[in-house]
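*Asks:* My questions will all concern the structure given below.
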Amino acid sequence: MRYISTRGTGPALSFDDVLLAGLARDGGLYVPEEWPFLTAQDLRELAGLPYPRLAARLIRPFVGGTIDDDTLQRIADETYGDDPDRGFLHQAVAPLVQLDHRLWLMELFHGPTIAFKDYALQLLGRLFDHVLAQRGEKITIVGATSGDTGSAAIEACRDRDNLDIFILYPEGRVSDVQRRQMTTVASENVHTIAVKGSFDDCQALVKAMFNDSSFRDAAGLSAVNSINWARIMAQTVYYFAAGLALGAPDRRVAFSVPTGNFGNVYAAYAAIQMGLPVEKLIIGSNTNDILDRFFRSGAMETSAVVPTLSPSMDIQVSSNFERLLFDLHDRDGAKVRDDMESFRSTGRFNLGRSQMERAERLFTSHKLDDDGIIATIRGIHERTGQVIDPHTAVGVNAAMQADIPDPTPIVALACAHPAKFPDAVERATGFRPSLPPRLADLFDREERSAVLPADLAVLQSHIKQHGRVFA
Ligand SMILES: *Cc1c(COP(=O)(O)O)cnc(C)c1O
């Protein structure tokens, strides 16, 4: 299996190179040269497998011989096992909970940071470790987070010998729980930086560091944020798990995905390319509705970021959308380059009628403001007894609004544990959900973080001063 850049001019790479590279040299994102495909018969054989076995089976074609089958299975077993410190503390790993005759929640918060990013990042940390040890290399991981990516990346990377991790987050724009999950990790290779700016500023700084090739090479820069191909790959697994549990290949399901950077819903798109029968992908947007406006108008157009009750979706640039765009342009990297250049210089690009028709066949979208989030959390609690977090509420509401033929099952992704956003949940229900036991002492732990301006030079010198690669 080889990987190609969405902008057409980066070199084709093997899995281990793509894992470490993150972004392509031409500024594009890596995608597999072709999709591995599972037939209906293949899917029947996968139904009912334990999650770690399903994961290894689905991931095997993507690693394309760079990791042998036994090692891959061992890594999947370690990642999705029930280690009390770092594992997934539910035997089903990604269990389904039924809300009504056809609406289901897929709980993706049983990992160490109680949000869905653990499902990909716990695997990624182990894959990095394995590949770096094999090569005898050391790297510096940098990432921008609007909340959950940071803590999940830190948990995945802490205490690993061959890498340091620097995580940038917008000062004051992540929840107390999210911040503490990042700043209280007392590992020597973990560095958190509060940036005076927005999440998009953080993301722009990370991109700028990657585009500075002398710094990139000196630091051995690598990314674990949602542009990293291996995260997409790992996220396809729970879509298959849910689809198989609800009747694939003989019954289609729809998925409703609260969306920010477009990584999670793009993984669902990847699962479809791999043969999972899916009726529709429903995109849930909060007030930062660039994607919702795009699916209604065909114009991708940025506007200012507005803070909401679902901070992990407070984004106006959905990086992973570029991967879908590549396919909508029939994998013509030059067309993607033109759109991205126009987006960079004017804040806007348009898609043609035929591309939009193709996108609309697979995707639909709905948005929800903060009042709607509160009303949805309250309504679901009153009607079903389930407590959901504000991000999950965006997806659940989109699922309820979407025009999906009855009785097609709709799986709404529960992307974070409600205790990660206790203020919003309390406003909606009148009580504060409690943290699961493994995080019960979070507010007693000591915090440690740098505070820096949104300035590339200041950031680079901070990394030079603290990174072990520079020692
Ligand atoms: C990251 C995150 C999202 C958005 O996912 P994307 O892959 O960026 O679209 C939604 N909800 C929660 C809780 C998240 O952590």
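The values are calculated or read from the model by the stated rules, or taken from the named source; none is laboratory data. The structure displayed is predicted, hence computed values, not measured ones. Please note: Cβ atoms are built from the backbone with ideal geometry, for glycine as well, and neighbour counts cover all protein chains shown.
*Asks:* Of the numbered conditions (1) within 22 Å of the chain's Cα centre (by Cα); (2) within 26 Å of Gly395 (Cβ to Cβ); (3) not polar (S, T, N, Q), Asp16 satisfies every one except a single condition; which is it?
*Replies:* (2)
*Asks:* Pull out all pairs, ordered by first then second residue, where Cβ-Cβ is under 6 Å, the residues are six or more apart or on different chains, the first lies in the range 149-170 and is over 17 Å from Ile463 (Cβ atoms) and in contact (Cβ under 8 Å) with a residue 60 or more places away in the chain, and the second is of a type in the set (Ser, Thr, Tyr) and assigned to a loop (DSSP other than H, G, I, E, B).
*Replies:* Glu155/Thr113
*Asks:* Quick check on Phe363: is it under 23 Å from the mean Cα position of the chain (by Cα) and within 30 Å of Glu45 (Cα to Cα)? Walk me through how you get there before you give the answer.
*Replies:* Numbers: under 23 Å from the mean Cα position of the chain (by Cα): yes; within 30 Å of Glu45 (Cα to Cα): yes.
Yes; evaluated as a whole, the condition is true for this residue.
*Asks:* When you scan the range 410-425, do you find a residue that is exposed (fewer than 14 other Cβ atoms within 10 Å of the Cβ), farther than 22 Å from Asp292 by Cα and either within 26 Å of the chain's Cα centre (by Cα) or among the hydroxyl-bearing types (Ser, Thr, Tyr) (or both), even just one? If you could, list the steps in order and put the result at the bottom.
*Replies:* Taking the range 410-425 as the starting set, the residues that turn out to be exposed (fewer than 14 other Cβ atoms within 10 Å of the Cβ) are 423.
Checking the rest, the ones that are also farther than 22 Å from Asp292 by Cα come to 423.
Those still in the list that are either within 26 Å of the chain's Cα centre (by Cα) or among the hydroxyl-bearing types (Ser, Thr, Tyr) (or both) too: 423.
Checking the range 410-425: at least one residue is exposed (fewer than 14 other Cβ atoms within 10 Å of the Cβ), farther than 22 Å from Asp292 by Cα and either within 26 Å of the chain's Cα centre (by Cα) or among the hydroxyl-bearing types (Ser, Thr, Tyr) (or both).
*Asks:* Residue under question is Ala440, and the condition is that it be of a type outside the set (Val, Ile, Thr), modelled with pLDDT under 95 and surrounded by fewer than 18 Cβ atoms within 10 Å (Cβ to Cβ); does it hold? Spell out how you get there, then give the answer.
*Replies:* Details: of a type outside the set (Val, Ile, Thr): yes; modelled with pLDDT under 95: yes; surrounded by fewer than 18 Cβ atoms within 10 Å (Cβ to Cβ): yes.
Taking the combined requirement at face value, the residue satisfies it.
*Asks:* Moving to a separate point now. Going residue by residue through the range 50-58, is there one that turns out to be without any contact (Cβ under 8 Å) to a residue 24 or more places away in the chain, of a type in the set (D, E, K, R) and touching a Lys or Arg at 6+ places or on another chain (Cβ under 9 Å)?
*Replies:* Taking every residue of the range 50-58 in turn, none turns out to be without any contact (Cβ under 8 Å) to a residue 24 or more places away in the chain, of a type in the set (D, E, K, R) and touching a Lys or Arg at 6+ places or on another chain (Cβ under 9 Å).
*Asks:* Give the range 386-417 a look and list any residue that's among the hydrophobic types (A, V, I, L, M, F, W, C), within 12 Å of the ligand (Cβ to nearest atom) and part of a loop (DSSP other than H, G, I, E, B), or say none.
*Replies:* Ile388, Cys415
*Asks:* Still on this model: If you go through the range 275-286 one residue at a time, how many are away from the ligand (no atom under 16 Å from the Cβ) and under 18 Å from Asp403 (Cα atoms)? Working first, answer last.
*Replies:* Going residue by residue through the range 275-286, those that are away from the ligand (no atom under 16 Å from the Cβ) are 275-280.
When the remaining residues are screened for being under 18 Å from Asp403 (Cα atoms), the result is 277-280.
Number of matching residues: 4.
*Asks:* What about Leu19, is it assigned to a helix (DSSP H, G or I) and more than 30 Å from Asp212 (Cβ to Cβ)?
*Replies:* Judged against the criteria, Leu19 is not a match.
*Asks:* Could you identify the single residue in Ser303, Ser226, Ser319, Ser312 that is surrounded by fewer than 24 Cβ atoms within 10 Å (Cβ to Cβ) and within 12 Å of the ligand (Cβ to nearest atom)? Don't jump to the end; show me each part of the working.
*Replies:* Working: Ser303 fails: within 12 Å of the ligand (Cβ to nearest atom); Ser226 fails: surrounded by fewer than 24 Cβ atoms within 10 Å (Cβ to Cβ); Ser312 fails: surrounded by fewer than 24 Cβ atoms within 10 Å (Cβ to Cβ).
Step by step, each of Ser303, Ser226, Ser319, Ser312 is checked, and only Ser319 is surrounded by fewer than 24 Cβ atoms within 10 Å (Cβ to Cβ) and within 12 Å of the ligand (Cβ to nearest atom).
Each row is one residue, and each column tells you yes or no for (1) away from the ligand (no atom under 16 Å from the Cβ); (2) in contact with a strand residue (DSSP E or B) (Cβ under 7 Å, 6 or more places away or on another chain); (3) closer than 25 Å to Leu49 by Cβ.
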| residue | (1), (2), (3) |
| --- | --- |
| Gly243 | yes, yes, yes |
| Ala248 | yes, no, yes |
| Arg251 | yes, no, yes |
| Ala254 | yes, yes, yes |
| Val257 | no, yes, yes |
| Ala268 | no, yes, yes |
| Gln273 | yes, no, yes |
| Asn288 | no, no, no |
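*Asks:* Does Thr376 count as part of a helix (DSSP H, G or I), closer than 28 Å to Arg251 by Cβ and more than 22 Å from the chain's Cα centre (by Cα)?
*Replies:* Yes, satisfied.
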